[in-house]
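Here the structure is laid out as structure tokens; the discussion comes afterwards.
Taken together, the values in this text are just the output of simple stated rules run on the coordinates, not laboratory data. Bear in mind the structure is a predicted one, so any value in this text is a computation, not a measurement. All Cβ positions, glycine included, derive from the backbone under ideal geometry; neighbour counts span all protein chains shown.
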Amino acid sequence: MLDKPLLSEHLHCTLMNKLGLISAVSLAKAAKRRGFEDGEMSKTLTQLKAFRSLKSDLDISLFDYLDRIIADCLDGALSSGNVRPGYCAPVGDDRSRIWPGDWVDATGYARYYSYGWHTGADLNLNKPGWDSDKHRPVYAIAAGEVCAVRTGVPGWATVICIRHHGECLSRYAHCENIAVRQGQMVGMGDYLGNIGNAGGRYPYHLHFDIARETARMLSHPLDWPGNAPDALERVRRDYFNPLKHLRGEVQ
Ligand SMILES: [Zn+2]
């Protein structure tokens, strides 16, 4: 049964909003993992649809039923064991949504390269060949609010920033398309867009980083410490090592 205080703390909004956070796709995946039959799954989704339209007139048994499935989502039904509960990797298929799985972190956190100190991970799937990750889907690592969406940004092309209230900000860059809009609430594992190459500037890859939820980071979704004298210090202060953060390791 769902632990409501935990859920409330985790997602920081009302239960009605939480139901809105979990997409039909995420629910279907979670239901399948629990071994629900297809019929039962479609019944669930039909009920969810009805439930959303009821708004204030709650059906308690349906409420409990959906609670169980949502709890499974939050407890890592979409995760694969090596990330902390409520989180999943931003790339990979359902089976391999571990971190980093077959994916290669081409640059790494707090490492210096030609554009300055790197803030996160550059994720590539270079098997069986270079650019194998071209057009692959990118997913939200946890439930949250899309706090910034930018396109046509020099060096970045696109940037999607999600605020995981009370936890962190996650950022996804160089996508070739964007499937979410600013202000939208998303669930863990929700589709954000596909991996791009920033208009040919880079090989296909996802730039992914996780920042602390500070006022500065909230007001600067395109933050990049770069080559500034205090850049390394800033990276370490304002950004988490994304690998360790998703695994729940102390930094
Ligand atoms: Zn990068």
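Once the Cβ-Cβ distance of T151 and D131 is raised to the sixth power relative to R0 = 22 Å, the FRET efficiency obtained is 0.50.
Computed about the Cα centre, the dipole magnitude for the stretch 111-251 is approximately 100 debye when only Lys and Arg (+1) and Asp and Glu (-1) carry charge, each at its Cβ. Close amide-amide hydrogen proximity is noted between Y239 and R212, each under 5 Å apart and 5 or more residues distant or on a separate chain (H modeled in the peptide plane; Pro and chain starts excluded).
Length available on full extension from N197 to Y113: 0.36 nm per residue minus the Cα-Cα distance, which gives 28.5 nm. Counting only other residues whose beta carbon sits under 15 Å from that of A173, what net charge do I get with K and R as +1, D and E as -1? That sum, taken over residues with Cβ under 15 Å, equals -2. Quick one: plug the Kirkwood hydrodynamic radius of the stretch 94-247 (C-alpha pairs) into Stokes-Einstein at 4 °C, 1.567 mPa s, and report D in µm²/s. After rounding, the answer is 84 µm²/s.
Each of R181 and E233 was given a label point 7 Å from its Cα along the Cα-to-Cβ line. The distance between the two points is 4.2 nm.
The 3J(HN,Hα) values that the Karplus relation (6.51, -1.76, 1.60; θ = phi - 60°) gives for the stretch 153-167 are, in residue order, 8, x, x, 9, 6, 10, 9, 10, 10, 10, 9, 9, 3, x, 10 Hz. Gly and Pro appear as x.
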